[in-house]
Amino acid sequence: MIGFLKHTLFLLRGVMTYALVGPSGTGKSFRAKLVAQKFGIDLIIDDGLLIRGDQILAGRSAKKDATYLGAVKTALFDDREHREQVSRALQHEKFRKILIIGTSERMVQKICDRLQLPQPVKIIKIEDIATKAEIEKAVQSRKIEGKHVIPVPALEVKRNYPSIFYDSVRVFLRRSFGVGASLPKIYEKSVVRPEYAKRGSVSISEAALSQMVVHCVEEFDPTVHIMRLAIRNDTQGYRITVVLEVPYGTKLASRVYSLQEYIVDSIERFTGILVAEVNIVIDRLSIAPSKGKKARRAIDAGPQSV
């Protein structure tokens, strides 16, 4: 109820959310202020931080986390104390527009839900504001040098996160991007090396994710059996397809949707990764064996996508 009231309050205040999305390392934070200047945006949420102009107002930087998975959870405001701190700051700030930076639309939507902000009125893709060559250069810098950006001046980062500060860069605001003549032409951003980058990368294999899905299904309902399982990853997150055999008489509509939510919530809660979708296919219906029969008889119901 409290979350609903906060969300309603932002709507009544006429708050509009903008999103800047693109895969990790493509230069989103580098261009965050350019986007903010163009659309007259007051606040920026980037990697767990709430930023206004050259100041960090609230939050905790995901760059300070010791592991990559921990950084993902911080960026998603998974921790309640972190989430509430930023929510309180938003309540006290006067603003009409806010920009949320994320690796996918789903990530931005999840951040909006957790901070009780309205869903985006405009989604800007990194490809819309950066050339292919600029994106490739940013990706190479991330992979080879491990450099990340926080869109505030060096002094602010040094004050809050001195251990990860690396360098600062002054950026010229090009008028061709749509910036008015009266706006400042230069701003400063900070280059950092996250704590998790110093220790090497951490990732989750599809085999490990498969094991998690199997465990979730068994924990949710031991009578349901997985026949096939496929996992695919793209810029929007992981896409999981589970082909099942379920007991005859199961109320498919309610149980299957509950299973979908259980798989998504469990994986995102324990790993911090984003699950774009879980597709469940009911391929067989099983009938419990009669007395004296050990084998279970299955009825081939044909594939039923849910």
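General observations
- Restricting the range 193-289 to trypsin sites (Lys or Arg not before Pro) that sit in a DSSP loop and have at most 10 other Cβ atoms within 10 Å of their own Cβ leaves K251.
- Note on the range 34-105: Cα Rg divided by 2.2 N^0.38 Å, N the number of residues, gives 1.10.
- Aspartates and glutamates with Cα under 12 Å of K94, excluding same-chain neighbours fewer than 8 positions away: D42
- Checking the cross-link pairs K132/K158; K28/K110; K97/K198 against a 29 Å limit on the alpha carbon distance flags K132/K158; K97/K198 as lying beyond it.
- Added length on full extension, which subtracts the Cα-Cα distance from 0.36 nm per residue, R106 to S168: 19.2 nm
- Taking a ≥ b ≥ c as the square roots of the eigenvalues of the Cα gyration tensor, the range 67-120 is oblate, since a/c reaches 1.5 or more and a/b is not larger than b/c.
- Solution diffusion estimate, µm²/s, Stokes-Einstein, the range 2-198, Kirkwood Rh from C-alpha pairs, 20 °C, viscosity 1.002 mPa s: 127
Computed from the coordinates by the stated procedures, all read-outs in this text should not be read as laboratory data. Here the structure is a predicted model, which means the values were calculated and not measured. Quick reminder, even Gly has a Cβ in these numbers, built from the backbone with ideal geometry, and neighbours come from all protein chains shown.
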